[in-house]
Amino acid sequence: MVVRRKGGKDHINQSFKQIDSSTWLIGSLMLSRSPDLSNNATWNDISDNSSYTLTVAPTFHDLTTSSPNSPFINLVHEAGDASAVWSIGNCAFCKVKYIEEGVTSESTTLDFVQAQNPSFDTPKVIYHAFGKDRSYLFLERLPGRTLDSAWPNLNETWRQYYVNAVVNTCKEMSEWAGNRLGGVDNRDVPEYFLQPQGADDFSTLQTTCEAIGMDCSKFVFYHADLGPSNIIVEEEPMLGKIGIIDFEISGYFPRSWIRTKFRLSSGMNLSASASNDPTWWRSEIQKALGANGFEDCAEAWMKWSAS
């Protein structure tokens, strides 16, 4: 089903509304900040001994609101008119996106991944609410910074270390098998790279994979968006621990899609501010995946895409 996106005051980046200096309206939710820690709060922010509480807003209200003007609420990411992310204090984020019918929710995927006891860190789901056309996902912030922001200060040894770490993560997740192409709850995954032109849902992705020539006899779990902005590393590299965020399009795919996606997606490039060779990251990843037996169907995908 095609999502009808809105503009103006209803644009996705206007989803946060400020009521006063410590209260905000987010869809049908109210978020309140207290300058003290509380056992009754939805979460505590120990960095400044504050707490945040989510409640359901009154059904009928006449609240005067404005755009957020607060040091505690900041818009940190926009994906056009499809989604937006706000930081809340120092230890939480709120991701607002349009609901896509029939698609596995990110919170469901995160719960699944965490149940596998992975070697990498993932953000804890604080709360997930669904409105008429948007979802509101509150997540704990992982400590550290994105690989993209750390990149300019990393030496060659650490850069190669993180390439190998992500390849090993792909191998680890590929051990989690599914019985169909889709999400972990047997719904669909919004992988636009595999969506045929003119399709208004994601129910035919396996047909695409078969047309490309991928082996669809089994399916393995894949994050599908492992660019440097979705990998969290230490502020200063010491132990080499990594975290992974943004599981929106993660699910079960043919194994060959793992390497192929790195070949195709410029969204997994390093940013221009991080490197003057933005494709280095995904180029090195896909080569390392090839050395580990992952197949590449990029040329077949390009022929299918052009047909």
Practice problem: Take A298 and decide whether it is more than 12 Å from A224 (Cα to Cα), touching a Pro at 6+ places or on another chain (Cβ under 9 Å), in contact (Cβ under 8 Å) with a residue 24 or more places away in the chain and not acidic (D, E). | Solution: no
Practice problem: Tell me, please, whether a residue that is within 21 Å of A288 (Cα to Cα) and among the hydroxyl-bearing types (S, T, Y) can be found in segment 150-159. | Solution: yes
Quiz prompt | segment 60-79 - residue that is aliphatic (A, V, I, L, M) and under 16 Å from Y136 (Cβ atoms) and, of those, modelled with the lowest pLDDT | solution = A79
Practice problem: Consider G227 carefully, then state whether it is modelled with pLDDT of 95 or more and more than 16 Å from N269 (Cα to Cα). | Solution: no
Quiz item: Of (1) in a helix (DSSP H, G or I); (2) closer than 27 Å to E140 by Cα, A274 satisfies all except one. Which?
Solution: (1)
Quiz item: Taking Y127, is it in the same structural domain as I231 (by TED's automatic domain parsing), touching a residue at least 24 places away in the same chain (Cβ under 8 Å) and surrounded by fewer than 17 Cβ atoms within 10 Å (Cβ to Cβ)?
Solution: no
Quiz item: Across segment 105-124, what is the number of residues that are free of Cβ contacts under 8 Å to residues at least 12 places away in the same chain and hydrophobic (A, V, I, L, M, F, W, C)?
Solution: 1
Quiz item: Has segment 104-116 got any residue that is surrounded by 13 or more Cβ atoms within 10 Å (Cβ to Cβ) and either within 20 Å of R145 (Cα to Cα) or not assigned by TED's automatic domain parsing to the domain that holds W43 (or both)?
Solution: yes
Quiz item: What is the number of the single condition among (1) out of contact with any strand residue (DSSP E or B) (no Cβ under 9 Å at 6 or more places or on another chain); (2) under 29 Å from A84 (Cβ atoms); (3) at pLDDT 95 or above that G198 does not meet?
Solution: (3)
Quiz item: Quick one: which of A57, A92, A82 is modelled with pLDDT of 95 or more and either aliphatic (A, V, I, L, M) or exposed (fewer than 15 other Cβ atoms within 10 Å of the Cβ) (or both)?
Solution: A92
Exercise. Go through R159, R134 for me and flag whichever is in contact (Cβ under 8 Å) with a residue 60 or more places away in the chain, of a type outside the set (V, I, T) and surrounded by 14 or more Cβ atoms within 10 Å (Cβ to Cβ).
Key: R134
Quiz item: Quick check: anything in segment 179-192 more than 16 Å from P254 (Cα to Cα) and either assigned to a strand (DSSP E or B) or over 19 Å from the mean Cα position of the chain (by Cα) (or both)?
Solution: no
Quiz prompt | Some residue of segment 204-213 being assigned by TED's automatic domain parsing to the domain that holds E284, charged (D, E, K, R) and in contact with a helix residue (DSSP H, G or I) (Cβ under 9 Å, 6 or more places away or on another chain) | solution = no
Exercise. For segment 135-151, indicate whether the set of residues that are in contact with a His (Cβ under 8 Å, 6 or more places away or on another chain), over 14 Å from I244 (Cβ atoms), of a type in the set (G, A, S) and not in a helix (DSSP H, G or I) is non-empty.
Key: yes
Quiz item: Could you say which residue among A306, A288 is of a type in the set (A, V, I, L, M) and in contact (Cβ under 8 Å) with a residue 24 or more places away in the chain?
Solution: A288
Practice problem: Among what's in segment 174-206 and is polar (S, T, N, Q), in contact (Cβ under 8 Å) with a residue 12 or more places away in the chain and surrounded by fewer than 16 Cβ atoms within 10 Å (Cβ to Cβ), pick the residue that is nearest to E295 (Cα to Cα). | Solution: N179
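The values are calculated or read from the model by the stated rules, or taken from the named source; none is laboratory data. Bear in mind the structure is a predicted one, so any value in this text is a computation, not a measurement. Heads up, the Cβs are rebuilt from the backbone with ideal geometry, glycines too, and the neighbour counts pull from every protein chain shown.
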